[in-house]
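One structure is given below, encoded as structure tokens.
The values are calculated or read from the model by the stated rules, or taken from the named source; none is laboratory data. Being a predicted model, the structure only gives us computed values, none of them experimental. A quick note on method: Cβ atoms are made from the backbone with ideal geometry, for glycine too, and the neighbour counts reach across all protein chains shown.
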Amino acid sequence: MMRAWTETRVETGTVRVPALSSDIRIVSARSGPALEALAAPWAALWRRVPHATPFQHPAWLIPWWRSFGHGDLWVLALYRRVRLVGVIPLYREGDRLLPLGVGITDMLDALVEEDVPLGPVLAAIPGLTGCPSIEFPALAPWSPLLRTAAPPGWSEEGGVTDVCPVLPLPPSAASLGAVLLASQARNLRHTTRRAERAGAIEIEAATAHTAGGMLEDLFRLHAARWGKRGESGVLADPAVQSFHRMAAPALAEAGLLRMHRLRIGGQLAAVHYGFGDGLGGGRRAYYYLGGFDPELAPLGPGVLIVGHAIAEALREGAAEFHFLRGREPYKYRWGALDQPSVTRRFHCGDDA
């Protein structure tokens, strides 16, 4: 459950934008309470947007602002009459606007219904915020911001800045073996038999009640693994841990968390921290982070937990398993294919 904000100030601003058939009204959430008040209609909008990912859900982005927020909050809620039809979650850092979630989020985007004209909305943002530059990093190929032309007179730069490898999950695949590369399918079978000789394999899925405990296990395993290399890892920062302690239970409540804990012979071996697009069968599954006991590395706990997560995604009817940003070799051993991650930077001004 999300804790209450101690801040009491609520600021909003409104501007009308000519749309195709009716006006779009922009209401800006400028403070914690305004963001909290937006959470329920924001979550309802998320469920209506076909290509929405968990990284555009308030259960991810509100904890992000609580943990990492700085500068001026500018979350833009787009209304058509009284219906929320879009959320563009931004904050101001110096002379540019950035999306909430930067730094730890692999897919950043506007969340809008398909008929919302984003061009006029973008054109209105500098006048509303007083900020001439907007940056959208880490856009997926289906992002509506990639289909939106820069407003007249604006300059733009960007392009493909990274890749997010994806494993396709064909609907005709009846089993995990039908999805994986033959070499990885053999590896998974051999690893499973090796682990079974060491003890019973047990895998449990997180609920809203158990997610917190699994997350603490992930923190310990992740620290142990990276400590072996003399490094701290991405979860060592207290602010990062605080964020995940808020986000994971909230995502579980929303039906988006896909976290699994593996034990071998009763001993904690690995934790998979991932997400799905919805309850009862998602369009995509996402592998965000994982950790395993380095002392059990010969038993292949990392292979076992990822294989289980892919099998669960297949069982749920997901069409894709996303390994997210980075070209780590293990992703390609599972058969993942590169998907581009695109950045767009807009500037409005006399030098545009």
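Got at least one residue in region 256-266 being more than 22 Å from THR207 (Cβ to Cβ), among the small types (Gly, Ala, Ser) and surrounded by fewer than 23 Cβ atoms within 10 Å (Cβ to Cβ)? Yes, there is a match, as at least one residue in region 256-266 is more than 22 Å from THR207 (Cβ to Cβ), among the small types (Gly, Ala, Ser) and surrounded by fewer than 23 Cβ atoms within 10 Å (Cβ to Cβ).
So for region 172-179 (the condition being in the same structural domain as ALA39 (by TED's automatic domain parsing), surrounded by fewer than 19 Cβ atoms within 10 Å (Cβ to Cβ) and over 27 Å from PHE68 (Cα atoms)), does at least one residue qualify?
Initial filter on region 172-179 (in the same structural domain as ALA39 (by TED's automatic domain parsing)): none.
So far as region 172-179 goes, no, none of its residues is in the same structural domain as ALA39 (by TED's automatic domain parsing), surrounded by fewer than 19 Cβ atoms within 10 Å (Cβ to Cβ) and over 27 Å from PHE68 (Cα atoms).
Of all the residues in region 108-143, those that are buried (at least 18 other Cβ atoms within 10 Å of the Cβ), in contact (Cβ under 8 Å) with a residue 60 or more places away in the chain and within 17 Å of the chain's Cα centre (by Cα) number 8. When region 183-216 is limited to residues that are farther than 11 Å from HIS260 by Cα and at pLDDT below 95, the one that is surrounded by the most Cβ atoms within 10 Å (Cβ to Cβ) turns out to be ALA208.
Scoring SER155 on the criteria (1) assigned by TED's automatic domain parsing to the domain that holds GLU320; (2) of a type outside the set (D, E, K, R); (3) surrounded by fewer than 18 Cβ atoms within 10 Å (Cβ to Cβ) leaves a single failure, condition (1).
If you check LEU78, LEU98 for being within 30 Å of PRO165 (Cβ to Cβ) and either of a type outside the set (Asp, Glu) or touching a residue at least 60 places away in the same chain (Cβ under 8 Å) (or both), only one passes: LEU98.
Give ALA185, ALA247 a once-over and let me know the one that is closer than 30 Å to PHE68 by Cβ, part of a helix (DSSP H, G or I) and either in contact with a helix residue (DSSP H, G or I) (Cβ under 6 Å, 6 or more places away or on another chain) or acidic (Asp, Glu) (or both). Explain how you work it out, then say what you get.
Values: ALA185 fails: closer than 30 Å to PHE68 by Cβ.
Being closer than 30 Å to PHE68 by Cβ, part of a helix (DSSP H, G or I) and either in contact with a helix residue (DSSP H, G or I) (Cβ under 6 Å, 6 or more places away or on another chain) or acidic (Asp, Glu) (or both) holds for just one of ALA185, ALA247, which is ALA247.
Counting the residues of region 225-239 that are outside any loop (DSSP other than H, G, I, E, B), more than 18 Å from LEU296 (Cβ to Cβ) and without any contact (Cβ under 8 Å) to a residue 40 or more places away in the chain gives 1. If you filter region 70-97 down to residues that are surrounded by fewer than 22 Cβ atoms within 10 Å (Cβ to Cβ) and of a type in the set (A, V, I, L, M, F, W, C), you find that the one that is nearest to TRP142 (Cα to Cα) is VAL85.
Comparison of GLY158, GLY153, GLY177 shows that the only residue that is in a strand (DSSP E or B) and more than 19 Å from the chain's Cα centre (by Cα) is GLY158.
Looking at this structure, is GLY307 surrounded by 17 or more Cβ atoms within 10 Å (Cβ to Cβ), out of contact with any helix residue (DSSP H, G or I) (no Cβ under 6 Å at 6 or more places or on another chain) and either not hydroxyl-bearing (Ser, Thr, Tyr) or not assigned by TED's automatic domain parsing to the domain that holds LEU181 (or both)?
Working: surrounded by 17 or more Cβ atoms within 10 Å (Cβ to Cβ): yes; out of contact with any helix residue (DSSP H, G or I) (no Cβ under 6 Å at 6 or more places or on another chain): no; either not hydroxyl-bearing (Ser, Thr, Tyr) or not assigned by TED's automatic domain parsing to the domain that holds LEU181 (or both): yes.
In short, no.
I need the full set of residues from region 188-215 which are among the small types (Gly, Ala, Ser) and assigned to a loop (DSSP other than H, G, I, E, B), in order please. Across region 188-215, the qualifying residues are GLY199, ALA200, ALA206, ALA208. Within region 276-319, the residues that satisfy the criterion of being touching a Pro at 6+ places or on another chain (Cβ under 8 Å) and under 21 Å from ILE104 (Cα atoms) are GLY276, ASP277, TYR286, PHE292.
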